[in-house]
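Reviewing the structure listed below.
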């Protein structure tokens, strides 16, 4: 059965913006880019690698696609780089006018929700990195089957949130949890019934 699996770094106060580096996403004058870097360790890498079902594709928003496409091909000694280079990739964009430059990439330029739903129907499992705005759209449409959330012990205040305040009510089941050597709590969740709060 095909799944859409979201993997994301999150601050303790709920911010998902610019975890990787200082210049990653300065929108809204965000000043704390790179906040997730001190949390990286081998345990986190193993948990992340284990989330890819056999034959899965990578699903990314345009901004995340360009950021990852600039960084990972320059890390030839990383097994993560090799995996990302070879995996099929879908990039959702309204503004990317040129063909994708990362190997094995396909551009989705129409409605992301409809196209992701169609790919799921065909049996394609997809893993989302970052791409908070895309995740919000897919969550609202009920298309995300698993959330892998890495909660870092850091507070940053204002910034882009992973889940919108207007999102639908949903209960999640904790499938597994891990605490890394750096104090990051990794929770793996799947939506479960009931989908509405008890009266």
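The values are calculated or read from the model by the stated rules, or taken from the named source; none is laboratory data. Since we're looking at a predicted model, the values are computed, not measured. No Cβ is skipped: glycine too gets one built from the backbone with ideal geometry, and neighbour counts run over all protein chains shown.
The one condition from (1) more than 13 Å from the chain's Cα centre (by Cα); (2) touching a residue at least 12 places away in the same chain (Cβ under 8 Å) that residue 132 does not meet is (1). Taking residues in segment 27-45 that are within 18 Å of residue 83 (Cα to Cα), and partners anywhere that are in a helix (DSSP H, G or I) and modelled with pLDDT under 95, the pairs with Cβ atoms closer than 7 Å and at least 6 places apart or on different chains are 45/80.
Here's the yes/no breakdown for (1) more than 19 Å from residue 27 (Cβ to Cβ); (2) without any contact (Cβ under 8 Å) to a residue 40 or more places away in the chain; (3) touching a strand residue (DSSP E or B) at 6+ places or on another chain (Cβ under 6 Å):
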residue: 80; (1), (2), (3): yes, yes, no
residue: 83; (1), (2), (3): yes, yes, no
residue: 88; (1), (2), (3): yes, yes, yes
residue: 95; (1), (2), (3): no, yes, no
residue: 136; (1), (2), (3): no, yes, no
residue: 151; (1), (2), (3): yes, no, yes
residue: 160; (1), (2), (3): no, no, no
residue: 166; (1), (2), (3): yes, yes, no
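Say whether the condition of being loosely packed, with under 13 Cβ neighbours inside 10 Å, at positive phi and not in a helix (DSSP H, G or I) is met by at least one residue in segment 61-77. No, the conditions are met nowhere in segment 61-77. Residues that are at pLDDT below 90, assigned to a loop (DSSP other than H, G, I, E, B), in contact with a helix residue (DSSP H, G or I) (Cβ under 7 Å, 6 or more places away or on another chain) and within 30 Å of residue 182 (Cβ to Cβ) occur at least once in segment 129-144.
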